[in-house]
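Single-structure report; data block below.
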Amino acid sequence: MIVSELQYFPPLTFFSALYRSTYVYLDIYEPYRKMSFRNRCLLAGDRGVISLSVPLKEGRNQRLPVKEVMISDAENWQSRHFKSIKSAYNRSPFFEHYEYELAEIFNKPFVRLADWNLYCLNWVKEKIAWNAELRFTEKATPYAGDAPDDRRNSVLPKNYSAWNPVKYRQVFEEKTGFFPNLSILDLLFNTGKHSGELLRDSLEDHT
């Protein structure tokens, strides 16, 4: 089985690594890890990379199992995140095709980070025609390091740009240059229904 952490609108490596998998196990029993994509996603803006973080109760230094991590309601973060997304991608070729559904997603109340991430992931799964069955681990699973079936913590905010699984045209590329391995949202807004094809092609290029 392939195991991965549950991420917030994950970077492209998440999908390029798992796109052909029949089953993907999402680890919800692992201790929460800060400085990861568990509560963060990266987008492309006109001044560079934009980092959006979901605020958490107890802060980012907590060590609770991911399934118990609670979202803080002290900030109007969903409204801010959606406004940032719209500002960055309003001029992209396909943003208008997803805007209404995304607005609805960002208006839904969520208490737990895992529930929010899973909801977002299932929405993306439909848009890119990803047929993997998502399952949860049933207990704490020892970290297997460099094992090919353990994808946890393989890509982090500190090293994400070392991977370039898919090349495509970005909105502000002429001004800022190309930013590799951003959130799946960046690929969706720029390539639309071709996103899944590009992910499949990226796998074939590396086989």
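Specify which of the listed residues (S79, S53) is under 22 Å from Y160 (Cβ atoms) and polar (S, T, N, Q). Full working, then the answer.
Details: S79 fails: under 22 Å from Y160 (Cβ atoms).
Only one candidate qualifies: S53.
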Going by the structure shown, is F15 in a loop (DSSP other than H, G, I, E, B), among the aromatic types (F, W, Y) and either at pLDDT 95 or above or open to solvent by less than 20 Å² (accessible area, probe 1.4 Å) (or both)?
-> no
State whether the residues of the stretch 86-109 include one that is surrounded by 15 or more Cβ atoms within 10 Å (Cβ to Cβ), within 25 Å of V3 (Cβ to Cβ) and in contact with a Phe, Trp or Tyr (Cβ under 9 Å, 6 or more places away or on another chain).
-> no
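May I ask you to verify whether K139 is over 21 Å from P55 (Cα atoms), basic (K, R) and within 17 Å of the chain's Cα centre (by Cα)?
Values: over 21 Å from P55 (Cα atoms): yes; basic (K, R): yes; within 17 Å of the chain's Cα centre (by Cα): no.
No: the conditions fail for K139.
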For the stretch 30-76, which residues satisfy the criterion of being hydrophobic (A, V, I, L, M, F, W, C) and under 19 Å from N90 (Cα atoms)?
-> C41, L42, L43, A44, V49, I50, L52
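Return the residue satisfying two criteria in turn: it lies in the stretch 54-76 and is open to solvent by less than 50 Å² (accessible area, probe 1.4 Å) and in contact (Cβ under 8 Å) with a residue 24 or more places away in the chain, and of such residues it is nearest to S4 (Cα to Cα).
Filtering the stretch 54-76 for residues open to solvent by less than 50 Å² (accessible area, probe 1.4 Å) gives 54-56, 59, 62, 65-66, 69, 71-72.
Next, from what is left, pick out any that are in contact (Cβ under 8 Å) with a residue 24 or more places away in the chain: 54, 56, 62, 65-66, 69, 71.
Numbers: V54: 19, L56: 21, Q62: 20, P65: 14, V66: 12, V69: 17, I71: 21 Å.
Only one residue tops the list, namely V66.
The values are calculated or read from the model by the stated rules, or taken from the named source; none is laboratory data. Predicted model only: the values in this text are computed from it and were never measured. Methodologically, a virtual Cβ is constructed for each residue, glycine included, from the backbone with ideal geometry; neighbour enumeration extends over all protein chains shown. To get the accessible areas, we keep the full protein, side chains included, count just its heavy atoms, and leave off ligands, DNA and RNA. Shrake-Rupley method; radii C 1.70, N 1.55, O 1.52, S 1.80 Å.
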